[in-house]
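Step one of this worksheet: look at the structure below.
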Amino acid sequence: MALMTGEQYVESMRKLNLQVYMFGEKIENPVDDPILRPSLNSVKMTYDLAQMPEYEDLMTSTSNLTGEKINRFTNIHMNAQDLVKKVKMQRLCGQKTAACFQRCVGMDAFNAVYSTSYEIDEKYGTHYFENFKKFLQYTQEKDLTVDGAMTDPKGDRSLAPHAQKDPDLFLHVVERRPDGIVVRGAKAHQTGFVNSHEVIVMPTQSMGPEDRDYAVSFACPTDAEGIFMIVGRQSCDTRKLEGSDIDVGNSRFGGMEALVIFDNVFIPNDRIFLDGETEFAGVLVERFAGYHRQSYGGCKVGVGDVLIGAAAAAADYNGAARASHVKDKLIEMPHLNETLYCCGIACSAEGAQTKSGNYLIDLLLANVCKQNVTRFPYEIARLAEDIAGGLMVTAPSEKDLRDPKLGRYIDKYFRGVNDVPTEDRMRMMRLVENLTLGSAAVGYRTESMHGAGSPQAQRIMIARQGNIGMKKKLAKDIAGIKES
Ligand code: SF4
Ligand code: FE
């Protein structure tokens, strides 16, 4: 089976024995949980779209391992055009869900581990690349959703992993056996873990020789013995329990994050992709982060498209669409959004081949992309709130709208232009709220800041890649200054 349908994906998730906790309770059926289900629906969209002929070129690809048709979310990018198509696919998925569709972290991990494991083998004669290709082929053939887990809790940020008072604050190897390793630790803010079949774990930062046990990368099922997760709260999450479509803003789709605990999890030898080769921890982090910073030039742009559309529709409903300042704001929003897209496309088009044969984005441009993402969505959100007006946060509930006594007052006094039903106006206001302050704000706002690395992480990379020395030389040549 090469491609799963959306329904097959949902059924496959039911078969997993995931250990999920939320509000102090074990969730026995995460697939049908009203708080979690919208996030599952977002991942399901990556399967549904791949079935549609009009999206086949973006959503599917050809496996470099088997030549078979695969979902692009399991693709190894073999040329710059693949990298461009990846970004376009993510924009499409963002447009269709207005949320984080979660499946990119695995795709970005695939491509980072692919090239890094090849280079480790080249240096040390290890077998990580073969291990990884076997795992990759398995995920491609089964069309699995794979999480990519990088962020350790990190404890005292001034201390290296081995120097922490609590040794588990970075995930590490606690036992080595002839048939594999046992790992302990946690990964925080894990996007989509509850909706994934497998996880690729990677180290979170560069490491020195004393951090040997912490420089580890592997894959395992998300329901492996010893793994459990505690779901993070989102703003307005319990509105999803109230059964009100309008009040949630986007009731069908969402994202999810969790703290995932690895409590002595056994990893067999053939699922290990890095174990102790500390100098490659930083390489793996840099590449994964680079791919995920490229990703934001697609997914956030797609969600931005929906927010711009919501602001424009709200302006229509308010009767303000012809005001010159509103028109100007509706120019500024796409300008910012398309600037992000330019960065996502540019770092892809400038991608280059690694020793393993796959393509890596231009790291400087990918970091510029993500640095802009830490800023522009905030401005786009600010403009959307400006255009929408205060009703996006003060509107009464759907229950009041449906109430026989109160409903007619709401309908009367919250109507904008006369030919648009008040209910439609409220729906659009709640969508703006959802994207800027509600549960989707995790994916659109704060994740724009901290996802794929906080702003300072990109500035470090920009400093490293910016080549100021070459630029100084250009200036000196033009100014006629000869170096002594
Ligand atoms: Fe994909 Fe964007 Fe979510 Fe990352 S934040 S998993 S790139 S949708
Ligand atoms: Fe993310």
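Bear in mind that the values in this text are calculations on the coordinates, not laboratory data. Note that the structure is a prediction, hence the values are computed from the model and not measured. Neighbour counts are summed over all protein chains in view; Cβ atoms, including those assigned to glycine, are modelled from backbone coordinates with ideal geometry.
Would any residue of region 31-50 have its amide N under 19 Å from a label point 7 Å out along Cα→Cβ of Thr238? List them or say none. Once the point is set 7 Å along Cα→Cβ of Thr238, 33-38 turn out to lie under 19 Å by backbone N, inside region 31-50.
Is there a quick way to get the dipole size of the chain? I mean about its Cα centre, with the Cβ of Lys and Arg at +1 and of Asp and Glu at -1; what is the value in debye to the nearest 20?
In debye, rounded to 20, the chain gives about 1300.
3J(HN,Hα) couplings calculated from phi for region 138-155 with the Karplus curve 6.51 cos²θ - 1.76 cosθ + 1.60 (θ = phi - 60°) are, in sequence order, 4, 5, 5, 5, 8, 6, 8, 8, 10, 7, x, 10, 10, 6, 7, x, 6, x Hz; Gly and Pro show x. Under the simplified labelling scheme, the Glu279-Asp48 pair shows an inter-label distance of 4.9 nm, with each label point 7 Å from Cα along Cα→Cβ.
For region 1-57, trypsin sites (Lys or Arg not before Pro) meeting the loop criterion (DSSP other than H, G, I, E, B) and having at most 13 other Cβ atoms within 10 Å: Lys15. Placing a pseudo-label 7 Å from each Cα along the Cα-to-Cβ vector at Ala2 and Lys355 gives an inter-label distance of 3.3 nm.
Applying the criteria of a DSSP loop state and at most 13 other Cβ atoms within 10 Å to the trypsin sites (Lys or Arg not before Pro) of region 112-221 yields Arg157, Lys165. The stretch between Thr446 and Glu25, if pulled fully straight at 0.36 nm per residue, gains 148.9 nm over its current Cα-Cα span. Across every direction, the projection of the convex hull enclosing the Cα atoms of region 288-467 has a mean area of 12.2 nm².
Taking every alpha-carbon pair in region 134-200 and binning the separations at 10 Å intervals from zero gives 19, 35, 35, 11, 1 percent. The phi torsions of region 188-194, fed into the Karplus equation with coefficients 6.51, -1.76 and 1.60 and a -60° offset, translate into couplings of 9, 6, 6, 5, x, 4, 5 Hz, rounded to whole numbers, with Gly and Pro shown as x.
For region 288-467, the relative contact order is 31 percent, taking Cα pairs closer than 8 Å that sit 6 or more residues apart in sequence and dividing their mean separation by the residue count. Here the calculated FRET efficiency for Glu210 and Thr66, from their Cβ-Cβ distance with R0 = 41 Å, stands at 0.50, rounded to the nearest 0.05.
Only one residue of Thr354, Phe288, Gly304 has its Cα farthest out toward the positive end of the dipole of region 252-377, where Lys and Arg carry +1 and Asp and Glu -1 on Cβ, and that residue is Gly304. Equivalent-ellipsoid semi-axes for region 384-484 (Cα gyration tensor, √(5λ), whole Å, largest first): 55, 16, 7. Grouping the Cα pair distances of region 57-172 into 5 Å bins from zero gives a pair-distance distribution of 2, 10, 17, 18, 16, 14, 11, 8, 4, 1, 0 percent in increasing distance order. Above 40 Å, the calculated P(r) of the chain contains 23 percent of its Cα-Cα pairs. So what's the angle, to the nearest 10 degrees on a 0 to 90 scale, between helix 104-124 and the longest Cα principal axis of the chain? Around 10 degrees separate the two axes. Just so you know, the Cα atoms of region 190-312 work out to an Rg and Dmax of 18.6, 55 Å.
Relative to the current alpha-carbon distance between Tyr413 and Asp328, full extension at 0.36 nm per residue lengthens the span by 27.8 nm. For region 100-161, the C-alpha radius of gyration divided by 2.2 N^0.38 Å, with N the number of residues, is 1.38.
Computed over region 255-339, the Cα gyration tensor eigenvalues convert (square root of 5λ each) into semi-axes of 46, 16, 8 Å, ordered from largest to smallest. Return the loop-located GluC sites (Glu not before Pro) in region 226-293 (DSSP other than H, G, I, E, B) with at most 15 other Cβ atoms within 10 Å of their own Cβ; answer none if there are none. Qualifying residues, ordered by number: Glu242. Can you list the residues, at least 5 places off or on another chain, whose amide H is less than 5 Å from the amide H of Gly180, using H built in the peptide plane? Long-range HN contacts for Gly180: Asn269. For Gln190, nonlocal amide neighbours, meaning residues 5 or more places apart or on other chains whose placed amide H falls under 5 Å from its own, are Ala258, Leu259, Val260.
A simple rule links phi to the HN-Hα coupling: the Karplus curve 6.51 cos²θ - 1.76 cosθ + 1.60 with θ = phi - 60°, which for region 33-45 gives 5, x, 7, 8, 4, x, 6, 5, 4, 5, 5, 4, 4 Hz, with x for Gly and Pro. Relative to the longest principal axis of the Cα atoms of the chain, the long axis of helix 363-373 makes an angle of roughly 30 degrees. Cα centroids of region 434-484 and region 91-133: 23 Å apart. A cut-off of 5 Å between modelled amide H atoms, ignoring neighbours fewer than 5 places along the same chain, links Val199 with Asp147, Cys220, Thr222.
Toward the positive end of the charge dipole of region 288-467, with +1 on the Cβ of Lys and Arg and -1 on the Cβ of Asp and Glu, the farthest Cα among His335, Gln456, Ser397 is that of Gln456.
Here r is the Cβ-Cβ distance between Arg382 and Gln456 and R0 is 35 Å; the resulting FRET efficiency, rounded to 0.05, is 0.95. Computed from the alpha carbon atoms alone, the convex hull of region 6-282 holds 138 Å³ per residue. Please report the relative contact order for the chain, taking Cα pairs under 8 Å with a sequence separation of at least 6, and give it as a percent rounded to a whole number. So the answer I get is 18 percent.
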